[in-house]
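> What follows is a single structure, and I will ask about it in a moment.
The values are calculated or read from the model by the stated rules, or taken from the named source; none is laboratory data. All values derive from a computational prediction rather than experimental measurement. Backbone-built Cβ (ideal geometry, glycine too); neighbour counts: all protein chains shown. Quick note on the areas: whole protein, heavy atoms, side chains included, nothing else; ligands and nucleic acids left out. Shrake-Rupley method; radii C 1.70, N 1.55, O 1.52, S 1.80 Å.
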Amino acid sequence: MATFRFNFGAKENELNEKIVSLDECGANQKAEEIKVSLDALLKTDVRFSTQEIVINEETVVKTLNIKHLEETLKASDKNTRSCVLDASLSNKDLVPDLYEGGLKIWECAVDLVEFLEQKEVKFEDKRVLELGCGAGLPGIFGLMKGACVDFQDYNREVIEHFTMPNVFLNLKSSHYHFSNQQLESLLSAKCRFYAGDWKCLENYINHNKDPEQLYDIILTSETIYDTRNQSKLLSFIRSHLRYPYGVVYVAAKTCYFGVGGGTRTFEMLVNGSQDLLVTVSKLYQEGVQREILTMEWRQDNSKE
């Protein structure tokens with residue numbers, strides 16, 4: 001398992017000099033959809049660069065090795081500077097407004113996959129979205145269980161070089177008789193990939209507010225650490241969760257020391273919305289305390 005570190009509260013002069021400035025990358029990453037490219041996926045040499053995240057004896061999710069991923073980013077970064085690569089090489093798990101930790105395997109993502117399996121959540125023919133996906137473990141689990149899954153991360157490079165190859169790698173393992181072209185078609189039919197800030201994405205994804213394009217299940221892990229972004233996450237969820245039976249699963253630490261976020265502050269925010277109900281579905285007390293929250297529409301009120 002990876003080492004989990006948050007470098008919260010670092011002052012600008014404390015950050016490694018390799019970290020590029022906010023002006024170079026821009027705040028509030030623009031919303032964009034990233035199309036699947038078979039040529040790009042096949043450039044990722046996964047033969048000696050994969051690791052397996054073992055949830056239990058029956059569930060294994062494959063993912064690219066982080067060190068190999070850094071080498072891939074270096075090779076593609078000859079002419080432009082990469083905020084994501086600079087952050088990773090500087091051992092920074094978070095650089096506010098630049099990089100949101102997408103190149104790490106966070107323990108709450110593993111918790112969430114374990115929970116979804118234990119709860120036997122029904123994914124067949126569901127529309128699913130994983131917000132702040134990074135490696136995409138929960139979304140990939142839903143995909144393997146028969147859902148159509150959209151993936152979102154703050155950084156485009158994370159989607160291109162980490163999420164997409166991970167999805168392709170797991171599809172390839174489960175559809176080993178398929179050609180690469182068939183896998184590309186399957187990936188395009190079953191998944192969409194988005195990058196950008198939640199505020200920018202809220203009116204970008206399904207901008208026509210087509211009820212058929214709302215999500216039955218929204219998954220997110222380790223995304224409520226910063227109270228500044230919790231309201232953006234909640235607003236996005238309220239706009240894109242199918243009514244009245246959509247459900248959201250949030251995996252997070254009870255408290256993220258140094259930034260004030262965590263499950264209690266998010267719980268208070270959700271309860272203040274009055275149209276969504278949040279409950280603690282599972283509590284992990286070994287190590288740093290972590291929780292799985294379940295959010296659903298209140299059935300005693302009509303959605304505005």
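> Roughly speaking, what is the centre-to-centre gap between the range 122-170 and the range 218-248 when only Cα atoms are used, to the nearest Å?
Computed from Cα coordinates, the inter-centre distance equals 16 Å.
> Given the pairs 30/209; 67/232; 67/190; 35/172; 62/119, which span a C-alpha to C-alpha distance of over 27 angstrom in this model?
Exceeds cut-off: 67/232; 67/190.
> For the range 256-287, state which chymotrypsin sites (Phe, Trp or Tyr not before Pro) are in a DSSP loop and have at most 13 other beta carbons lying within 10 Å of their beta carbon. Mind showing how you got there, number by number?
On the way: sites: 256, 257, 266, 284; in loops: 256, 257.
In loop regions of the range 256-287 (DSSP not H, G, I, E or B), the sparsely surrounded chymotrypsin sites (Phe, Trp or Tyr not before Pro) are 257.
> Simple spin-label model, 7 Å along Cα-to-Cβ: residue 59 to residue 97 in nm?
3.8
> Provide the three semi-axes, in whole Å and in decreasing order, of the ellipsoid equivalent to the range 225-293 as defined by the square roots of 5 times the Cα gyration tensor eigenvalues. Provide the component values of the computation, followed by the final result.
Numbers: eigenvalues 90, 43, 16 Å².
Equivalent ellipsoid of the range 225-293: 21, 15, 9 Å, largest first.
> Still on this structure, please answer the following. At 7 Å along Cα-to-Cβ for each site, give me the label-to-label distance between residue 175 and residue 281 in nm.
Using points 7 Å along Cα→Cβ, the separation is 2.7 nm.
> Compute the Cα gyration tensor for the range 90-169, then decide on rounded, prolate or oblate, letting a ≥ b ≥ c be the square roots of its eigenvalues: rounded whenever a/c is under 1.5, prolate when a/b is larger than b/c in the other cases, and oblate in all that remain. Numbers along the way, then the final one.
Values: a/c = 2.39, a/b = 1.71, b/c = 1.40.
Taking the square roots of the gyration eigenvalues as a ≥ b ≥ c, the range 90-169 is prolate.
> Please give the length that would be gained between residue 209 and residue 289 if that part of the chain were fully extended, namely 0.36 nm times their separation in residues minus their C-alpha to C-alpha distance (nm, one decimal).
Working: separation 80, 0.36 × 80 = 28.80 nm, distance 3.72 nm.
So the chain would gain 25.1 nm between residue 209 and residue 289.
> Which value, in Å², gives the accessible area per residue of the range 117-204 when a 1.4 Å probe is used on the protein heavy atoms? Spell out each step's value before the answer.
On the way: 3510 Å² over 88 residues.
Here the per-residue accessible area is 40 Å².
> In whole percent, how big is the carbon plus sulfur part of the accessible area of the range 235-280, probe 1.4 Å, protein atoms only? Please report the intermediate quantities before stating the final value.
On the way: 1180 of 1890 Å².
Result for the range 235-280: 63 percent of the exposed heavy-atom area is carbon or sulfur.
> List the residues whose amide H sits under 5 Å from the amide H of residue 225, counting only those 5 or more places along or on another chain, with H placed 1.01 Å from N in the peptide plane.
So residue 225 has HN proximity to no qualifying residue.
> Ignoring ligands, DNA and RNA, what percent of the 1.4 Å accessible area of the range 119-186 is carbon and sulfur? Please list the in-between numbers first.
On the way: 1230 of 2580 Å².
Answer for the range 119-186 is 48 percent, counting heavy atoms of protein chains only.
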